[in-house]
Amino acid sequence: MSAGGIAAIIAASAFAVIAIAIGYAVVRLGRAIDEVGASIKAITADTTPLLEEATTTVRLVNGPLQSVNNITKAAEDLTVKVSGAASNFLDKNAMAVKVLGTVLAAASKKQSRRSANSSQAGSTSGRASGGRKGKKPASKKARSTYDEDEEF
């Protein structure tokens, strides 16, 4: 055997080792792909019932939401009608606008009086009977006929 024959044998052996290593890698890769496929099947089997339950839940929630949507739409329509009727009434009746302004002014004044009275009551030194220590409060007849806490 010559040097060229020995080199050929070494090269052939190296190629055989490389081929065996590639074959082993391909077999391992095939097993890994099989494991991934089995895992995907298991995940699919587990998630399918969950997706069906989620779909059922969404359907069950959509029913009441549709009812709420209908109620909201009806309230919106009612609001538009009431607003239109009120503006139409106020456009046609100038006297109603004046009366409404007077009522709002009186209510505002009454509210400011209440807040002023409540702030005064909190700043007194604790004498609820108007400064008469130890005596009963004044009778109802002695009070004025106009009581600020009465409603209009």
Please state which of the following conditions residue 40 fails to meet, knowing it meets all the rest: (1) modelled with pLDDT of 90 or more; (2) surrounded by fewer than 10 Cβ atoms within 10 Å (Cβ to Cβ). (2)
Kindly indicate which of 83, 13 is of a type in the set (Ser, Thr, Tyr), part of a helix (DSSP H, G or I) and under 31 Å from the mean Cα position of the chain (by Cα). 83
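The values are calculated or read from the model by the stated rules, or taken from the named source; none is laboratory data. Because the structure is a prediction, the values reported are computed rather than measured. Glycine gets a Cβ as well: all are built from the backbone with ideal geometry, and neighbour counts include every protein chain shown.
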